[in-house]
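Undergrad: Here it is, the structure, as structure tokens.
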Amino acid sequence: SGPSQPRTWASLHPWDEGFGGLKAVNTGSIPMPCHLLSFALLGNAAVGAVGGQLPCVEATSPGVCSRPLMTQGGSASVDWSLLQQKSSVQRGQLAEDAASTKAAASSTAGEHFTVVIIPDTQFMVMDNGYSGAWLHEWISQADWIVEQQHALNIAAVIHVGDVVEEAHRPWEWDNFFKGWDKVEATGIPWSVVPGNHDLTSMAQPFASNRWDDYNRFMEPVFRRNPNLHGNFPPGKYENSVVFFDASGIEFMVVGIELGPTQESLDWASSQLNQYPNKRAIINNHFVLWGAERGIDIAGWAKRHRNIFMIHQGHDCAREWNRVIHNNWGEPIQEVLADYQCSGDAFLRYYTFHVTEHRVDAFTYSPSLRVFETDPNSQWSFDFNMGDLRALPTTLPASTTVIPLVENYYREAPRVGGWGGWCTCPDGQRYNVGDNYDGCANGPASLACEGGAPGECVKEHDSTRQGMKVTCATAGLPTPQPEQAPPSSSTSTEAPRVENDYREVAGVGGWGGWCTCPDGQRYNVGDKWDGCANGPSSLACEGGTPGECVHQVDDSRDGMKVTCASASTPSPSEPAPTPPPSDSPMSACLAYDQWPSVDGDVTCGSCRALVLTAPFDGRCDTYCESFGHVCSAAAEEQNEDCVVKYDAECDQQIVGTSDMLCTCRLPN
């Protein structure tokens, strides 16, 4: 700050415990705050002598410091080895500046704030044009964050990993810090996690020393991070927790190493459980890495109610987003963003609109100065900005359903802000939200049980946000009269006088037509076997089954018919043996013997929700892995047993972390 001239410095010491930044207290008229580079100049160091090193008083040659800056009492109380990184050049403000920056951010926090995601920087820091990426694009991203800090009210910056291409190359880290220095200088809270290219050896991705190079270069930066709350293992930084506040809302970013150990996940759980009132973002380079070892980050996240987002990079698919639901039925945004392979240097940011309970996602390239606006690049989602302290973190006990005598209109989980009107049988109309599916199913998307749904409007309305209605007549199925036990062996049940067409468990959406003896035809589903047995796969009892069609039809999903003449056996004939159940000695092994079941989600009839990654997204490969054969495959709707679409057993199900597989023991 000003020309180089002699000054007397009263003290020079670490900022805080374990903090490598510098605090300077001047006795002259030195403008405050000063940057480290200006600090070096004020210490009479030649510009060429600092060149990215420590504040220096005398230099024997450019880049070589013979005498670092000393206080009046001798050596400064500074961890010089910690600061002897080229990344410490221009590394932000002194204590006074950082404090004022934080105070300014707090005072401007109002109706909106922004969280910035930096995808993989590995190609840009190589600076050789690989995949069209250059260093100046990374610098443009960093400059943009600095320029937009106050306009967007940036509350946090999150780097999703693959910081460099080869972790052992110091010059790549130097290039990274040319941009990161600027981000750190803003004082904005930040989180960084390692990716597979930050491994010490990619040939040994699970070696005990796998993050040694990453920690060697990142330790000084983490030790300067005033918002770092914790790290694991002790003395290492592949796992970390960072706190930040925005608009009166408390957040935590839980950084989890790539392919985490169970110990790492247990540590992360302890942090999340310790601070249940902080909204949590999971920062992990790639969620599926480690699935082959039984690590299921998405399934783990569902057990923590304060997690609302999982962010990752790694995949040159560029971007995707989906919604999974925690164990309370509430949404978690799982997002991937990685633009390195297209060489256009896009980044992602989320602007939180507090009063509207909405988050807008944007994808922007600072070097190209353009937005990307397709549905995977720019979208919105609802976010409850309320206080988490009122919400229980344990699952509620099950309760007995009683018949409804009036319409039940209430706030419910898994209901969004898009939606429309539901008309109950008594004529009452209710403004309800959508089933968090973006009105994908038209009127059927409305949270309207037992009523007539209207149009699903793709427009947020705070009055219907989270609202659902269960109409009085939809409270319970029609009660069935109790059947008295036979009084003697000669008692018989009266034959059914009409066909019984009803919804039952264990029946799928593939299927076809069943013709009863009286000529009536019914559209019925298959027996969750993927039409493996042709017409015999239809849920058709006592009738003539037609072709079993490999196509989902909502009108027959779960539907079965028992034709009138087939309702009871003839009195002179013995009762038929009931069909076998899913027991270890019948159709399939017990579910506790199935591998890689996601979140313990099982659906009956030998079907379960299983991980895709270890089995290349194919159900036939999965079933064969434990001695079964595949009879049906599907993609699930929302981490449950609801089918989004059916697939062939040998068809690869892509773009998802789990799939529904029906596996049976060989005949």
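Undergrad: What does the extension gain come out to for V549 and S625, with contour length at 0.36 nm per residue minus their alpha carbon separation? Write down the numbers at each step before the final one.
TA: Values: separation 76, 0.36 × 76 = 27.36 nm, distance 2.79 nm.
Difference between extended and current length: 24.6 nm.
Undergrad: Taking a threshold of 24 Å on the Cα-Cα distance, which of the pairs K302/K458; K302/K644; K302/K560 fall above it? Walk me through the intermediate numbers first.
TA: Numbers: K302/K458 27 Å; K302/K644 20 Å; K302/K560 34 Å.
Distance filter (> 24 Å) returns K302/K458; K302/K560.
Undergrad: Viscosity 1.567 mPa s, temperature 4 °C: Stokes-Einstein D of region 274-381 from its Kirkwood Cα radius, in µm² per second?
TA: Here the translational diffusion coefficient equals 86 µm²/s.
Undergrad: What does the charge add up to near F232, with Lys and Arg as +1, Asp and Glu as -1, over the other residues with Cβ less than 11 Å from its Cβ? Can you show the working numbers first?
TA: Numbers: positive: K236; negative: E238, E257, E263, D266.
Surrounding charge for F232 is -3.
Undergrad: Roughly how many Å² is the accessible area per residue of region 210-367, as a whole number, for a 1.4 Å probe?
TA: Details: 4590 Å² over 158 residues.
Accessible area per residue, region 210-367: 29 Å².
Undergrad: Please give, to one decimal in nm, the separation of the simple spin-label points placed at A590 and K458, each 7 Å out from Cα toward the Cβ.
TA: Label at A590, label at K458, 4.9 nm between them.
Undergrad: Where Rh is the Kirkwood radius over the Cα pairs of region 155-260, the temperature 20 °C and the viscosity 1.002 mPa s, what D in µm²/s does Stokes-Einstein return?
TA: Values: Rh = 14.1 Å.
D, rounded to a whole number, is 152 µm²/s.
Undergrad: If one computes the Cα centroid of region 423-460 and of region 167-243, what distance in Å separates the two points?
TA: Computed from Cα coordinates, the inter-centre distance equals 48 Å.
Undergrad: I would also like to ask the following. With labels modelled as points extended 7 Å from the Cα through the Cβ direction, what inter-label distance (nm, one decimal) is found for D360 paired with Q378?
TA: 0.9
Undergrad: Sort 591-600, 625-634, 184-193 for me by packing, meaning the mean count of neighbouring Cβ atoms within 10 Å per residue, highest on top.
TA: Going from most to least packed, we get 184-193, 625-634, 591-600.
Undergrad: Using the heavy atoms of the protein chains and a 1.4 angstrom probe, tell me the accessible area per residue for region 132-204 in square angstrom.
TA: Details: 2230 Å² over 73 residues.
Accessible area per residue, region 132-204: 31 Å².
Undergrad: Same structure again: Given labels modelled 7 Å from the Cα in the Cβ direction, how far is it in nm from Q637 to Y130?
TA: Once both label points are built, they end up 4.5 nm from each other.
Undergrad: Now a separate question. Just to check I understand the Karplus step: with θ = phi - 60° and J = 6.51 cos²θ - 1.76 cosθ + 1.60, what whole-Hz values come out for region 177-192, glycine and proline as x?
TA: 5, 4, x, 5, 3, 5, 5, 5, 5, 6, x, 5, x, 9, 9, 9
The values are calculated or read from the model by the stated rules, or taken from the named source; none is laboratory data. Small disclaimer: the values here were computed from a predicted structure and weren't measured. Cβ sites come from the backbone with ideal geometry, for glycine too, and all protein chains shown count toward neighbours. We work out accessible area using only protein heavy atoms, side chains counted, and drop any ligands, DNA or RNA first. Shrake-Rupley method; radii C 1.70, N 1.55, O 1.52, S 1.80 Å.
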